[in-house]
């Protein structure tokens, strides 16, 4: 019996060691949070007037990041300390179009050329509709720590994960919107046409929309949320501007002609946060649930595919500028994230393998030339690691081939 007890304790110790040194599967840090004005701003998470940004980020961390708790137990007279992963089941709102959050894991997410990670939301389907209900899509950007400083910065490269509507004719790339700080002291009066609205001209916005009917508008205030919709910790800013891609509106009012609005927000096929319900076991590829995201979807600013071995940062921003009556603006919510392969080893890069096909050939020379001619940002093309993509990289690859 003593042998069995000792063996059991040894197994537990080994499991503890593996847990301690393994990567944390959940998001562990929020680097930046900048919501656009919206009805849940200053409540998800709670924020106060003029408080430090770090304080708000701390609440974001608590809401969307998995927490690592140390648990100490006594087993047959031996004290064993293990790591217990605790899921934080709250969320943050991104407000109206463009509002964003930048997050990361405690390790790079390796491109496994399959479903790599998931970012959770609070989407759900209506009992009356198929593939429709509350679906508020957010676009995912992935960042590579190009300058190696461990945090998102100007020296890093960002790429969009091209979802199902990336090439849709109604998707507007290079969209820009500006919100204007409201006068919180003005009189709030219910709308004559909708008793749920108490300020229909609350926060004004203007945009560069290609549709002349959609170049300006308002974020209305409703009777369900009376708190300020402008981020309270941003007291010194009179305007907020966001840029990115804007997806087509996905909401349809099926309330009929009786004046009772009933908006259904339909999901897009794939590739967006808060667009489909979360799978309860975080398992990808299950029909009807959000299957997650693939790093292989990454594209550069011109929409060209980019080969990435891994990513270091994740940014999510609200991708629709849409108003749904008494329901309010469409606002992406983020409720956490998980790496499906947290302990996947970083792939060993083959020097000169620019196109990632596992060998160094003339094709890699052509890939560098293509990057030079087009100005395409291709991190693997900087073969000689001088932070530039030039003829010098071509010569380096030729040298590898000749060897």
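The values are calculated or read from the model by the stated rules, or taken from the named source; none is laboratory data. Here the structure is a predicted model, which means the values were calculated and not measured. All Cβ positions, glycine included, derive from the backbone under ideal geometry; neighbour counts span all protein chains shown.
Odds and ends about this structure:
- Scanning region 295-340 for residues that are buried (at least 23 other Cβ atoms within 10 Å of the Cβ), over 16 Å from the mean Cα position of the chain (by Cα) and not in a loop (DSSP other than H, G, I, E, B) turns up just one, 329.
- Residue within region 224-235 that is touching a strand residue (DSSP E or B) at 6+ places or on another chain (Cβ under 8 Å), assigned by TED's automatic domain parsing to the domain that holds residue 101, surrounded by fewer than 16 Cβ atoms within 10 Å (Cβ to Cβ) and not in a loop (DSSP other than H, G, I, E, B) present: no
- Among the residues of region 26-38, the ones that are in a loop (DSSP other than H, G, I, E, B) and either modelled with pLDDT under 90 or buried (at least 23 other Cβ atoms within 10 Å of the Cβ) (or both) come to 5 in all.
- Which numbered condition residue 149 misses (of (1) surrounded by fewer than 14 Cβ atoms within 10 Å (Cβ to Cβ); (2) in contact (Cβ under 8 Å) with a residue 40 or more places away in the chain): (2)
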